[in-house]
Amino acid sequence: MILLQTLSADTLSASDSLMAAAGGQNIGLLDLLIKGGYMMVPLYLLFILAIFIFFERLMTLKKASKTSSHLMDQVKILVSSGQIEKAKILCAGEKTPVANMIAKGIERIGSPLKNIEVSIENVGKIEIYKLEKNLNLLATVSGAAPMIGFLGTVAGMIQAFIAIAQEEGMVSPKLLSEGIYEAMITTAAGLVVGILAYLGYNYLVTQVSKLVHSMEYSSIEFIELLQEK
């Protein structure tokens, strides 16, 4: 009974000490990020890289998706009437993946239909590669950031326990709690960066898939137009 009372008193004393420390010091977000240690530096860099890739790809995909809804209708009219040069100029003015594919098909008019299909397909592969540029790097950031954060936590915990081992006498709860929460900051930061990068990657992949579907649909329409001639 006496042992339980003693343990209870020690627990209350430690709790009061922690509450007093928390009440006496307001720790802001910037302070927490600074306390994360040197392992926060690569996380900062990965975060900046992820933001740059996301917005750069977002702008690229928006430009690529600005194909006129009437492009194929106009191409059909021009090709059917034999105005091949005007059809080329029309596609060249669009400067989008769909327009580039159709322009290549128009250049090959007069060749066997199979050759035209292959030419359009080759251009499509190049355009898809351009659309997917750096997406793998963004996926790498989404996986690497949490692991770096966890590594920082492990390194911080090792340092905390070394400090505790070197402490003479009783270890204060404040020393123990500070070492632990500072070490956990890198894990939290790594997870935040990883989650944001993962969400951004999946959003961009969805947009690329929509564009690829549009490219495939337009190429099929063009091939069907040539088959009708």
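The values are calculated or read from the model by the stated rules, or taken from the named source; none is laboratory data. All figures in this text were calculated on a predicted structure; none of them were measured in a lab. For accessibility, only protein heavy atoms count, side chains too; no ligands or nucleic acids. Shrake-Rupley method; radii C 1.70, N 1.55, O 1.52, S 1.80 Å.
General observations
- Accessible area (Å², 1.4 Å probe, nearest 10) - Leu225: 10
- Residue-span extension gain [Leu191 to Leu225] - 0.36 nm each, minus C-alpha spacing: 7.1 nm
- The stretch 93-229 shape via C-alpha gyration tensor axes, a/c threshold 1.5: prolate
- The largest-to-smallest principal axis extents of the Cα set in the stretch 190-229 are 59, 7, 5 Å.
- Pairs of lysine residues in the stretch 110-229 - Cα separation under 22 Å, sequence separation of 8 or more or cross-chain: 6
- With 0.36 nm allotted per residue and the present C-alpha distance subtracted, the Thr206-Glu132 stretch has 25.5 nm of extension available.
- Exposure of Lys104 as accessible area (Å², to 10), given a probe of 1.4 Å and all protein chains: 60
- Extension gain (nm, one decimal) between Lys66 and Glu167, 0.36 nm per residue minus Cα-Cα: 29.8 nm
- Its Cα gyration tensor gives the stretch 75-170 an equivalent ellipsoid; the semi-axes, largest first and in whole Å, are 63, 12, 6.
- Taking all protein chains together, Arg108, Arg57 sort by accessible area into Arg108, Arg57, largest first [probe 1.4 Å].
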